[in-house]
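The structure appears right after this line, and notes come after that.
The values are calculated or read from the model by the stated rules, or taken from the named source; none is laboratory data. Treat the numbers as computed from the prediction; the structure is a model and nothing was measured. Every residue, glycine as well, gets a Cβ built from its backbone with ideal geometry; the counts of neighbours run over all protein chains shown.
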Amino acid sequence: MGPVRRLVRRRIRRSQALEKQEKVLALTDAQRRAQEAYRKRSVKQVAVRFYPAEEDLWAWLSAQENKAGYVKDLIRADMEVRRDA
């Protein structure tokens, strides 16, 4: 078997593996609707706006790898301080 043929067979196998992964990860319409209903019912969300005068705050938050985790950690720390006070 020549190198070109091996390359083609390898690419076909990779393509087939990706197709299998997509089928496993694909959700049915009912599953998608159920997930969306759960999110609407159970998940809370908040948006925060940063104005130009708060550029330093935005820069600091932007530098964090996990912004949501960072904000949640700050809230937890503040809750602990206030509980102990």
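Any idea which residue in segment 71-85 is surrounded by the most Cβ atoms within 10 Å (Cβ to Cβ), counting only those that are under 16 Å from GLN45 (Cβ atoms) and not basic (Lys, Arg)? The selected residue is VAL71.
When ALA34, ALA53, ALA47, ALA30 are screened for being at pLDDT 85 or above, more than 27 Å from LEU74 (Cα to Cα) and loosely packed, with under 10 Cβ neighbours inside 10 Å, only ALA30 passes.
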